[in-house]
Amino acid sequence: MRGNVRKKVLVVGGLLVLTVLMGACRKDIPQNTFDPAGPTAQSEKDVLMLPLAIAGVMFLLVEGGIVWLAIKFRHRKGRERMPKQLHGNTRLEIGWTIAPAVLLAIVVVPAVSLIWRLSDVPANAMQIKVQGFQWWWGYQYLDEDLKVDYGDHGPITTADVLVIPTNTTINLSLESAGGLIGGDNPDHQVIHSFWAPRLFGKQDVVPGASGEDNHIVFSAWEPGTYFGQCAEFCGLQHAMMKFRIVALDPVDWQAWVTDHKQPAQTPTDTLAAHGMDLFLGTHGEGGQCIACHAVGGTPAGSPAGPNLTQFAAATHECFAGCNFETFLPDGTPNGEALAAWLRDPNAVKMGTKMPNYHLSEDEIAALVAYLYTLS
């Protein structure tokens, strides 16, 4: 009986190890540190490879030595059960004291050098503020030529998806913004960590009250979509606080900037127009949305929730902390997901700060129609 149990444990353990090894062999992992797509990620990978190589060699030497010793000096009949005891070897003790110190220096020097190098912010870097909320990301483009053409001419502001031009140095200033529901003082501020492994490593996002915003300097070599997420536990939906970075070529970038400088268009479709009225509370019904959301060129201007001015833009690939795709694979609106969110946000993302307003199905349909005109 004992032998059968041992055999089953070995089989199950072996299958688990094999599963992990097979999973590590995938080549299409979207968040792959070993597949850098920009100079910052490349430099971090280069520094990482050295300690990995040293650790690998040390692992083989130590574990190999343990196996060799276990086999060579295993107990045999006729031997004393207690092996010969040795005490003290000055040369060995000096050697295994100096060797780790030398290896540590070999690892630390390039790592510290890289930290200092990445802390430098080029004067011509594009300035973008990243704000971490529970549980989504907001972005403000701070350069003078990236201000909107309406209202108080504030910065272009987006949520969930950070759009950047390729081969352009970006400086991200990171701030945990909390929420602004119910007043001007932010609440539920917690520490997040901003991480898009193919472009840059993890960096803490601390509450703005500290006065010490961290920053990340990076760029992307090629157009494409790069995946990221919060990498520090920040509450109930930490695992669902994701984001994407969309890198555009120069032509597409200029078109994106031109579009995002414009106010939201007023819908002409009857259903969407009704949705706009509900959103803004124009005729005395609805109006809850403007307590938290902003739509450029309308009375909705709250910074508490995601800015929805370009909700249906092609680059806004996901919403609600990138829990849901904005569009289906065929390019049509993912109205079902948005309707589920409006019907009861906590049913699809427990703990979210957006309350259930108990909207009717007709109201939900109108709001979905309106939000998908915002592009």
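The values are calculated or read from the model by the stated rules, or taken from the named source; none is laboratory data. A quick note: this is a predicted structure, and the numbers were derived from the prediction, not measured. Glycine gets a Cβ as well: all are built from the backbone with ideal geometry, and neighbour counts include every protein chain shown. Surface accessibility is based on the protein's heavy atoms, side chains included, excluding ligands, DNA and RNA. Shrake-Rupley method; radii C 1.70, N 1.55, O 1.52, S 1.80 Å.
Summary of values
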| read-out | value |
| --- | --- |
| Subset of region 38-64 [part of a helix (DSSP H, G or I) and either over 24 Å from residue 105 (Cβ atoms) or of a type in the set (D, E, K, R) (or both)] | 39, 40, 41, 44, 45, 46, 63, 64 |
| Residue pairs meeting the criteria (Cβ under 9 Å; at least 6 apart or on separate chains; first modelled with pLDDT of 90 or more, in region 43-56; second among the basic types (Lys, Arg) and assigned to a helix (DSSP H, G or I)) | 43/117 |
| Count of region 116-140 residues which are buried (at least 19 other Cβ atoms within 10 Å of the Cβ) and in a strand (DSSP E or B) | 11 |
| Helices (runs of 4 or more DSSP H) fully within region 248-354 counting 1 or more residues that are free of Cβ contacts under 8 Å to residues at least 24 places away in the same chain and among the basic types (Lys, Arg) | 335-343 |
| Top-ranked residue of region 224-247 - restricted to ones that are assigned to a loop (DSSP other than H, G, I, E, B) and under 14 Å from residue 132 (Cα atoms), ranked as most open to solvent (accessible area, probe 1.4 Å) | 233 |
| Members of region 343-373 that are closer than 20 Å to residue 303 by Cα and modelled with pLDDT under 95 | 345, 351, 352, 353, 354, 355, 356, 357 |
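Yes or no, residue by residue, for (1) crowded, with 17+ Cβ neighbours inside 10 Å; (2) touching a Phe, Trp or Tyr at 6+ places or on another chain (Cβ under 9 Å):
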position: 262; (1), (2): no, yes
position: 272; (1), (2): yes, yes
position: 286; (1), (2): yes, yes
position: 306; (1), (2): yes, yes
position: 321; (1), (2): yes, yes
position: 329; (1), (2): no, no
position: 339; (1), (2): no, no
